[in-house]
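Undergrad: My questions all concern the structure below.
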Amino acid sequence: MSGFDPQRIGVALRLIRVQREMEGREVAERAGITPSMLSAYEGGRQLPSLVTLSKILTALSSDLKTLHEALRIGKSSPSGEVATRKLVEGLVRIGLVDRDFLEGLLKQVD
């Protein structure tokens, strides 16, 4: 998956997971990877292979279309912006990320 930004993919995966209210361990188990690998992917420290990405999306009951939308979230519509704000608030509230860090990454998607 060369040419893809690991941080953007990671943020998108985490946004989908949090939106679905799933724990990382649950997603990792369903995808057949370790929780530390999922953390590395979500944290943008590693880029999953296409096979692994597919397994993660399946574990999230998701697909490439949803991933694409998560990569673009907030870019094209007011409802997307509202969804982005809700997800940011949720991620910050549960302590997964720092607000400034997440908002900076979301700006990169635009």
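Undergrad: Scan the stretch 25-38 for residues that are crowded, with 17+ Cβ neighbours inside 10 Å and either modelled with pLDDT under 95 or more than 24 Å from Arg93 (Cα to Cα) (or both) and jot them down.
TA: Ala31, Ile33
Undergrad: Something else: Of everything in the stretch 39-63, what is in a helix (DSSP H, G or I) and under 16 Å from Gln19 (Cα atoms)? Give them in sequence order. Break it down stepwise before answering.
TA: Step one: list which residues in the stretch 39-63 are in a helix (DSSP H, G or I), which gives 39-42, 50-59.
Across the stretch 39-63, the qualifying residues are Glu42, Ile56, Leu57, Thr58, Ala59.
Undergrad: For the stretch 4-28, give me each residue that is touching a Pro at 6+ places or on another chain (Cβ under 8 Å) and either part of a loop (DSSP other than H, G, I, E, B) or more than 16 Å from Leu71 (Cα to Cα) (or both). Explain how you work it out, then say what you get.
TA: As a first pass, look at the stretch 4-28 and keep what is touching a Pro at 6+ places or on another chain (Cβ under 8 Å): 9, 24-25, 28.
Selection gives Gly24, Arg25, Ala28.
The values are calculated or read from the model by the stated rules, or taken from the named source; none is laboratory data. All values reported here derive from a predicted model rather than from experimental measurement. Using ideal geometry, Cβ is built from the backbone for each residue, glycine included, and neighbour counts are taken over all protein chains shown.
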